[in-house]
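Take a look at the structure set out below.
The values are calculated or read from the model by the stated rules, or taken from the named source; none is laboratory data. No experiment lies behind these values; they were computed from the predicted model shown. Quick reminder, even Gly has a Cβ in these numbers, built from the backbone with ideal geometry, and neighbours come from all protein chains shown. Areas reflect the complete protein model, heavy atoms only, side chains present, ligands, DNA and RNA absent. Shrake-Rupley method; radii C 1.70, N 1.55, O 1.52, S 1.80 Å.
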Amino acid sequence: MIWVIAGVLVTVAPLIVWCMTVRTHRVGWAIGALLVLLGAAKLGLSNHLVEVERGQNDLIVLALLLPVLVVPAGWLLERRLAGPRTVVDPLEDRRGAGIAGLVGYALAACAVSVFMCMVGGDAVIPSTDQLLPLPAGLTVVDRSSGGCGSDTCSSGITVTGDAGLTQNQIEQRLGQYLEQQHGWHLDADGQDCRPAGWVIDRTQLCVSVGSTPGSGQAFVEIADSSSR
């Protein structure tokens, strides 16, 4: 419960700082709406109300850090449109409190971002759609639903060929297709790996092509492994 409260406070802090220091209606509403949007995005992504296939944690960090730039940009824009801030009573001057609040938020946001970078990204179940559509002569006969274990998530497809194609020929066609259409370069064991994800959610994506002797079919497995 305490983490939920802390998350909400961190999310609304930039909006509170902005409401304390805003001077004009036009700029005030525009910057306020942008801060609300960033806060909603942060809450939605961190609580998995919004799911993306790649870059979930990267987007959370982006939503956390952008207010550090948005609020000062609003101050500068107001200064340009309304002139320098004039205060008669020092007790009415909220600039100091606003700057202190923004600095505190920036430190908290940076600490959370550094922690998320140190933890790294989690593996996700890769979609087999990125292996499709297969070339003419090859047909998908089964798809595995996918699963995760020991920091690796995988899924796959089972493929059969037109009449007359041997298992070796099916495997060769699959390898050529993956290389020509998707940029994979399979080694002698029918495997290849490459980085996936963005910055924090960076993982390793691998494909492997093989077959079960005597089945007349071949399979392609795609696996996503955490960098931790």
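Isolated Cys in the chain by the 4.7 Å beta carbon test?
Cysteines lacking a close Cβ partner in the chain: 19, 110, 117.
Heavy atoms only, probe 1.4 Å: what % of the accessible area of the chain goes to carbon and sulfur, would you let me know?
Carbon and sulfur together cover 62 percent of it.
Which option, [x] 12.0; [y] 12.7; [z] 17.3, is the value of mean projected area of the Cα convex hull in nm² that was calculated from these coordinates?
[z]
So what's the angle, to the nearest 10 degrees on a 0 to 90 scale, between helix 95-119 and the longest Cα principal axis of the chain?
With rounding to tens, the tilt is 20 degrees.
Excluding ligands, DNA and RNA, what is the solvent-accessible area per residue of the chain at a probe of 1.4 Å, expressed in Å²?
Counting only protein heavy atoms, the per-residue value for the chain is 58 Å².
At 222 nm, what value in deg cm²/dmol follows for the chain if DSSP H runs of at least 4 each add -39500 (n - 2.57) and the sum is divided by all its residues, to the nearest 500?
-17000 deg cm²/dmol
What nm value, rounded to one decimal, do you get for the distance between residue 148 and residue 53 when each label is placed 7 Å out toward the C-beta?
Taking the two extended label points, one gets 1.7 nm.
Report, in degrees rounded to the nearest 10, the 0 to 90 angle that the Cα long axis of helix 25-46 makes with the longest principal axis of the chain.
Helix 25-46 sits roughly 40 degrees off the main axis of the chain.
Could I have the simple spin-label model distance between residue 166 and residue 79, label points 7 Å from Cα toward Cβ, reported in nm to one decimal?
With each label point 7 Å from Cα toward Cβ, the separation is 7.7 nm.
Only Lys, Arg, Asp and Glu count, each charged at its Cβ (+1, +1, -1, -1), so figure out the dipole size of the chain about its Cα centre, rounded to 20 debye.
In debye, rounded to 20, the chain gives about 1340.
Give me D for the range 102-192 in µm² s⁻¹, whole number, from Stokes-Einstein with Rh from the Kirkwood sum over alpha-carbon pairs, 10 °C and 1.306 mPa s.
97 µm²/s
On a full-extension model of 0.36 nm per residue, what is the gain between residue 212 and residue 12, subtracting their alpha-carbon distance, rounded to one decimal in nm?
Answer, rounded to one decimal: 66.4 nm.
At a Förster distance of 22 Å, what's the computed FRET efficiency of residue 114 paired with residue 20, Cβ-Cβ distance as r, to 0.05?
The value I calculate is 0.20.
All other residues with a Cβ under 15 Å from the Cβ of residue 127 taken together, and with Lys, Arg as +1 and Asp, Glu as -1, what is their net charge?
Net charge in that neighbourhood comes out at -3.
Can you give the angle from 0 to 90° between the axis of helix 2-21 and the longest principal axis of the chain, with both taken from C-alpha atoms, to the nearest 10?
Between helix and principal axis, roughly 50 degrees.
Find which of 196, 206, 167 sits farthest along the positive direction of the dipole of the range 162-228, computed with +1 on the beta-carbon of Lys and Arg, -1 on that of Asp and Glu, about the Cα centre.
196
How high is the relative contact order of the chain, in percent, with contacts defined as C-alpha pairs under 8 Å that are six or more residues apart?
Averaging sequence separation for qualifying contacts and normalising by length gives 19 percent for the chain.
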